[in-house]
Amino acid sequence: MALFHVARYAGPEAAGAEAEAEAGKDGRARALLERLQSQARERQRQRQRQQEPEAAAQTEGAAGRRRRRPRRRKGVGVPGSPHAPRRKRPRGDGEDAGADGSEEAPGKSGVDAEAAGSPDEASGPPAHALLLGGFGKSRAPKVQPFLPAWLAEPSCVKRNVTEDLVPIEDIPEVHPDLRKQLRAHGISSYFPVQAAVIPALLESAANGFLVGRGGYQPRDLCVSAPTGSGKTLAFVLPVVQALLPRAVCQVRALVVLPTKELAQQVSKVFNIYTEATPLRVALVTGQKALAREQEGLVQKTADGFRCLADIVVATPGRLVDHIDQTLGFSLQHLRFLVIDEADRMIDSMHQSWLPRVVAAAFHREGAGGPCALLQRRQPQAVTAASTCWPQMPLQKLLFSATLTQNPEKLQQLGLYQPRLFSTRPARGGHGDPDVDVDVDPGGKYSFPAGLSHHYVPCGLRSKPLVVLHLLLHMGFSRVLCFTNSRETSHRLFLLVQAFGGVTVAEFSSRYGPSWRKAILKQFEQGKIQLLISTDATARGIDVPGVQLVVNYDAPQYLRTYVHRVGRTARAGKTGQAFTLLLKVQERRFLRMLAEAGVPELQRHDTPSELLQPLVPRYEEALSQLERAVQEEQRRKAA
Ligand SMILES: Nc1ncnc2c1ncn2[C@@H]1O[C@H](COP(=O)(O)OP(=O)(O)OP(=O)(O)O)[C@@H](O)[C@H]1O
């Protein structure tokens, strides 16, 4: 029993005395105990020898400043215990990172740092007791989730879209007509993600559409590659090629995306590569009335319905509307289900769009139906019986720049023997994945090589001035500026408009789809210098030539940062990202990015002399903004 004695808060002598009394009962136990004690004392002496100079320095440093005591909750909490108060959040009055350097010590919580500086704690419990009772000295180790092999060991994709190009001729499996189209659109080489994914997808489709005896069920694919690395073409080309040979028009590919604008963008790419083929693409996003969309999907005939689309690009809500309400809209022949921006789509799983799609895809007619023989069943264990009938497989393809590696989340998608293509290296099954898999296990996302990251420390009132300074003095001509709310977007827009000298527009859900479409088009054409937007344009939107992304409001989540800044430096180009940070945000934000492996975040100071010349006009613009807001509020109330 002596071995399990816990000398929690007593010094080494107390622990030693008690242990000695116990040891007297049994010779062997005593000998063992003595040996352990002498080892522990030796360790303790060594520790003290190391700590003496540090303790002296800390005592000197603490003498001149207010000694901070850890707050205790009622009845609980000794420093370092699991119940000890958490580290204080930075406060707006500047009592943050800079106020106490000890809080900044890497790997030490505030409580730990304080404990280290306290003379009471300096001697600490004996080293051997720390094993059982010393909670305070180290952070609890992070739980290391065990990733399934397919997630832990992905097929690695190169990241550099300027150097690791693969000439079009080097992938002869791609149909000559598609290669012709690629060249016609100025594409002579594949980006790395395309060079990896296109052959793999074509290979899985090469055995024809039917699986069963002699065939096989193709594996589902997940692709995680940086923003602007060409993921769209990585699925558009093989899907179009796989669907080319067809007898009857049926919906055989369904692409689901989170926003109308993204769906529109992807359907445009499909239209380019199906232009010279009989394949038809339908867009169902709710931008048109349901009846108008139905006309593009099915046609009533004398003996039923005729399908009018081979490829459907949809947003989840409107897709479910069609599954429910469009007579003759069938997904029974679905071969590819592409889920773009997959991590975001997983977040919207509560809308149950995926079970509805899968149920529609595996819907079975009665035994007397025309396709009764070819009806398919959900993937299941392979048995002699299950391979008797030829079946059309349904292959799921997931794409994202920030694909989650949370196996529980991915499990909701019901993937079949999935295979992951990733620009991040393999971690051998249990590398350093973080528990907080929402943020990203391992804390690393890939960023485009040509992107440089900056942050601008500034005050709340000077934020609009910094944006104006970036535009007017630094000469950026196409700038996308993100805020965290519609309200902020709108007010910043009104303010910049009132300031003048910059062509500015706003993009948010305040406006209808057709207005937003027009704004994006003007921005693409270079008619708008500054587009102020909510996160509605943060994902997937591809506007060539965006030079600068400004995070007017710092994004709260890493994923949001990755997608926002990914609107620039696309397709191998260079671009800059500036994040405006209030003093209170600085520490948390920089730590978040450091954990994400963001390469070198440069500090960009804007001295007040640079902003000063803008101030008189800015003050005027502020009063105009005030009047405009009051006017809007009056109109709203009326
Ligand atoms: N092989 C290529 N050669 C030249 N340009 C290409 C090539 N492939 C794609 N592009 C261009 O690169 C840009 C970015 O492509 P895409 O929108 O597919 O990126 P993405 O990886 O889906 O980005 P995001 O994650 O932000 O959605 C597009 O303008 C596209 O036309």
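The values are calculated or read from the model by the stated rules, or taken from the named source; none is laboratory data. If you're wondering where the values come from, they're calculated on a predicted model, not measured in any experiment. As a convention, Cβ positions derive from the backbone with ideal geometry for all residues, glycine included, and neighbour counts pool all protein chains shown. Surface areas here come from the heavy atoms of the whole protein model, side chains and all, with no ligands, DNA or RNA. Shrake-Rupley method; radii C 1.70, N 1.55, O 1.52, S 1.80 Å.
Filtering the stretch 266-276 down to residues that are surrounded by fewer than 19 Cβ atoms within 10 Å (Cβ to Cβ) and touching a helix residue (DSSP H, G or I) at 6+ places or on another chain (Cβ under 8 Å), which residue is modelled with the lowest pLDDT? Per the stated criteria, the residue is ALA276. For the stretch 555-595, name all the residues that are more than 16 Å from the ligand (Cβ to nearest atom) and open to solvent by less than 10 Å² (accessible area, probe 1.4 Å). The answer is PHE578, THR579, LEU580, LEU581, PHE589, LEU593. With respect to being of a type outside the set (Phe, Trp, Tyr), open to solvent by 40 Å² or more (accessible area, probe 1.4 Å) and either in contact with a Ser or Thr (Cβ under 7 Å, 6 or more places away or on another chain) or at pLDDT 95 or above (or both), LYS260 fits the description. When PHE523 is tested against (1) touching a Phe, Trp or Tyr at 6+ places or on another chain (Cβ under 9 Å); (2) away from the ligand (no atom under 16 Å from the Cβ), exactly one condition is not met: (2). The one condition from (1) at pLDDT 95 or above; (2) closer than 23 Å to MET592 by Cα; (3) within 16 Å of the ligand (Cβ to nearest atom) that ASP542 does not meet is (2). Pull up the stretch 145-164, narrow it to residues that are open to solvent by less than 50 Å² (accessible area, probe 1.4 Å) and away from the ligand (no atom under 16 Å from the Cβ), then point me to the one that is farthest from TYR190 (Cα to Cα). Filtering first and then ranking leaves PRO145. Residues in the stretch 462-477 that are at pLDDT 90 or above and either within 12 Å of VAL615 (Cβ to Cβ) or open to solvent by 30 Å² or more (accessible area, probe 1.4 Å) (or both): SER462, PRO464, LEU465, LEU468, HIS469, LEU472. For beta carbons closer than 7 Å, sequence separation of 6+ or different chains, a first residue in the stretch 559-575 that is outside the structural domain of THR162 (by TED's automatic domain parsing) and in contact (Cβ under 8 Å) with a residue 40 or more places away in the chain and a second that is among the small types (Gly, Ala, Ser) and near the ligand (Cβ under 7 Å from one of its atoms), the qualifying pairs are VAL562/ALA401; HIS563/ALA401; GLY566/GLY228; GLY566/ALA401; ALA569/GLY228; ARG570/GLY228; ALA571/GLY228; ALA571/GLY230. Does any residue of the stretch 290-313 turn out to be touching a residue at least 60 places away in the same chain (Cβ under 8 Å) and open to solvent by 40 Å² or more (accessible area, probe 1.4 Å)? Looking through the stretch 290-313, none of the residues is touching a residue at least 60 places away in the same chain (Cβ under 8 Å) and open to solvent by 40 Å² or more (accessible area, probe 1.4 Å). For the stretch 569-583, a residue qualifies if it is among the hydroxyl-bearing types (Ser, Thr, Tyr) and within 20 Å of the chain's Cα centre (by Cα), and exactly one does: THR579.
Screening GLY286 on (1) modelled with pLDDT of 95 or more; (2) within 26 Å of ALA538 (Cβ to Cβ) shows it passes everything except condition (1).
Just one of the numbered conditions (1) touching a Gly at 6+ places or on another chain (Cβ under 7 Å); (2) at pLDDT 90 or above; (3) of a type outside the set (Asp, Glu) is not true of LEU147: (2). The residues of the stretch 299-326 that are of a type in the set (A, V, I, L, M) and at pLDDT 95 or above, listed by number, are LEU308, ALA309, ILE311, VAL312, VAL313, ALA314, LEU319, VAL320, ILE323.
Of the listed requirements (1) away from the ligand (no atom under 16 Å from the Cβ); (2) of a type in the set (D, E, K, R); (3) within 28 Å of the chain's Cα centre (by Cα), LYS300 misses just one: (3).
Would you point out the residue of the stretch 165-207, among those that are among the small types (Gly, Ala, Ser), within 14 Å of PRO238 (Cβ to Cβ) and more than 29 Å from the chain's Cα centre (by Cα), that is farthest from the ligand (Cβ to nearest atom)? Talk me through it step by step, then tell me what you get.
Step one: list which residues in the stretch 165-207 are among the small types (Gly, Ala, Ser), which gives 184, 186, 188-189, 195-196, 200, 204-206.
Still in the list and also within 14 Å of PRO238 (Cβ to Cβ): 195-196, 200, 204-206.
Cutting the leftovers down to more than 29 Å from the chain's Cα centre (by Cα) gives us 205-206.
Details: ALA205: 20, ALA206: 22 Å.
This residue is ALA206.
Within the stretch 332-363, the set of residues being open to solvent by 50 Å² or more (accessible area, probe 1.4 Å) and in contact with a strand residue (DSSP E or B) (Cβ under 8 Å, 6 or more places away or on another chain) comprises just one member, ARG344. Restricting the search to strands (runs of 3 or more DSSP E) fully inside the stretch 299-347 and requiring at least 3 residues that are over 19 Å from GLN287 (Cβ atoms) and among the hydroxyl-bearing types (Ser, Thr, Tyr) gives an empty result.
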